[in-house]
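Undergrad: Handing you a structure now.
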Amino acid sequence: MSTFPIWMLLTARVPPLAIAIAAVLAGASLSRADDASQARIVEVRRIWDAAPHNAFTDLVWRDGHWFCVFREGAKHVSPDGALRVLSSTDGATWSSSALIRSTDSDLRDAKISIAPGNRLMLCGAGALHEPVNGMRHQSYVWYSEDGRDWGEPIPIGDPGFWLWRIVWHDDIAYAVGYSTALDRSTRTTRLYRSTDGRTFEVIVPELNGAGRSPGESSLLFDSDGSSLCIVRHDDPKEPAALLGSSRSPYREWTWKSLQTRLGGPQVIRLPDGRLVVGGRDSIGPPECNLWWLDPETAKLTTLATLPSGGDTSYPGLVFRDGLLWVSYYSSHEEKTSIYLAKVKLPDASDATR
């Protein structure tokens with residue numbers, strides 16, 4: 001699909017007055033990006049908009065191919081949710097490799113990773129049309145060698161706990177599962193692990209307390225055995241996301257507030273050691289943002305705001321060829337669509353000025 005200059009991407013399909021305002025805002029955004037401490041948005045592409053609603057992305061690179069996964073359906077929440085897999089060799093031309101459907105669930109929030117044996121692993125959750133024993137969600141994984149044939153879904157974790165993103169470290173799979181109980185005061189998170197990617201055991205029954213309406217999470221593991229975890233919270237009284245830290249075997253965690261509410265968080269470590277977080281800052285207008293993360297102070301510093309608005313965020317992050325590649329979704333062009341951005345990050349010396 002076509003590439004748009006940033007100002008065109010921001011201003012398509014809107015009235016003339018809005019075009020003028022958006023052009024000014026785009027110019028301001030680009031001038032901020034020229035600052036030595038800010039990122040530069042090199043390119044943004046809309047890569048998929050076939051369904052009425054396309055959202056909740058993830059991104060991975062394997063053996064010369066990009067894979068972008070997401071949910072598509074009639075609306076943000078609808079019974080027909082399915083998981084779409086796109087593939088590309090250059091990040092410019094994309095084609096559909098698979099569409100995974102369910103007869104009894106709204107499949108949601110596809111996430112993709114590379115499992116031992118160089119297999120592609122897709123995870124997601126089914127919002128059940130008919131609750132089972134009072135449970136409304138079941139998490140699943142699928143495996144593929146080529147991104148086309150994914151086989152049958154494998155149920156994982158406990159019913160009623162959504163294992164939102166699976167991360168592999170030293171051939172062990174880890175995931176934070178969050179409760180989707182109707183009674184929000186009882187909701188909590190659990191840390192799971194698996195040695196085979198099929199059977200997940202609970203290693204921390206209550207990861208960061210109950211009653212704060214915990215949600216989506218992102219785990220990061222380093223070679224020294226340390227780990228970080230970002231968990232979204234939706235409690236109106238304490239909406240700020242939390243940053244957790246731990247060391248192997250990851251049974252004891254320390255938590256700090258990130259001082260902002262994050263939707264669909266993802267965190268990666270760059271080759272030079274710096275940390276980048278992507279997600280939706282839910283304080284103020286909804287946008288898909290990138291931040292630097294200082295794990296010692298739990299401080300987030302804005303790095304870039306991608307062309308976005310309305311129903312947006314849930315990025316996938318990959319650092320490759322000197323660029324940060326970001327998949328995300330947004331409805332700023334009226335229809336909720338999937339985008340791919342290339343972002344040039346400042347050098348480490350510039351970022352600390």
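Undergrad: Find the residue count for segment 282-308, including only residues that are touching a Ser or Thr at 6+ places or on another chain (Cβ under 9 Å) and farther than 14 Å from Tyr328 by Cα.
TA: Matching residues across segment 282-308 total 11.
Undergrad: Tell me, which residue of segment 263-281 that is surrounded by fewer than 19 Cβ atoms within 10 Å (Cβ to Cβ) and of a type in the set (Gly, Ala, Ser) is farthest from Trp325 (Cα to Cα)?
TA: Going through the qualifying residues, I end up with Gly263.
Undergrad: A follow-up question, please. Given the criteria crowded, with 22+ Cβ neighbours inside 10 Å and under 26 Å from Gln138 (Cα atoms), does Leu228 qualify?
TA: Spelling it out, it is not the case that Leu228 is crowded, with 22+ Cβ neighbours inside 10 Å and under 26 Å from Gln138 (Cα atoms).
Undergrad: Looking at (1) surrounded by 17 or more Cβ atoms within 10 Å (Cβ to Cβ); (2) among the small types (Gly, Ala, Ser); (3) not in a strand (DSSP E or B), which one does Ser223 not meet, given that it meets all the others?
TA: Exception for Ser223: condition (1).
Undergrad: Just checking, does segment 72-84 include any residue being surrounded by 20 or more Cβ atoms within 10 Å (Cβ to Cβ), modelled with pLDDT of 95 or more and closer than 25 Å to Val276 by Cβ?
TA: No, segment 72-84 contains no residue that is surrounded by 20 or more Cβ atoms within 10 Å (Cβ to Cβ), modelled with pLDDT of 95 or more and closer than 25 Å to Val276 by Cβ.
Undergrad: Take segment 226-249 and flag every residue that is assigned to a loop (DSSP other than H, G, I, E, B) and over 20 Å from Ala181 (Cα atoms).
TA: Within segment 226-249, Ala240, Ser248, Pro249 meet the criteria.
Yes or no, residue by residue, for (1) farther than 26 Å from Trp61 by Cα; (2) touching a residue at least 60 places away in the same chain (Cβ under 8 Å); (3) in contact with a Leu (Cβ under 7 Å, 6 or more places away or on another chain):
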{"position": "Ile268", "(1), (2), (3)": "no, no, yes"}
{"position": "Arg274", "(1), (2), (3)": "no, yes, no"}
{"position": "Leu317", "(1), (2), (3)": "no, yes, yes"}
{"position": "Leu324", "(1), (2), (3)": "no, yes, yes"}
{"position": "Tyr329", "(1), (2), (3)": "no, yes, no"}
{"position": "Lys335", "(1), (2), (3)": "yes, yes, no"}
{"position": "Val343", "(1), (2), (3)": "no, yes, yes"}
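Undergrad: Looking at this structure, is Asp222 modelled with pLDDT of 95 or more and either within 21 Å of Ile166 (Cβ to Cβ) or out of contact with any helix residue (DSSP H, G or I) (no Cβ under 8 Å at 6 or more places or on another chain) (or both)?
TA: Spelling it out, Asp222 is indeed modelled with pLDDT of 95 or more and either within 21 Å of Ile166 (Cβ to Cβ) or out of contact with any helix residue (DSSP H, G or I) (no Cβ under 8 Å at 6 or more places or on another chain) (or both).
Undergrad: Right, next: Just one of (1) surrounded by 19 or more Cβ atoms within 10 Å (Cβ to Cβ); (2) at negative phi trips up Gly91, so point out which.
TA: All conditions are met except number (2).
The values are calculated or read from the model by the stated rules, or taken from the named source; none is laboratory data. Everything numeric here is computed off the predicted structure, so don't read it as measured data. Heads up, the Cβs are rebuilt from the backbone with ideal geometry, glycines too, and the neighbour counts pull from every protein chain shown.
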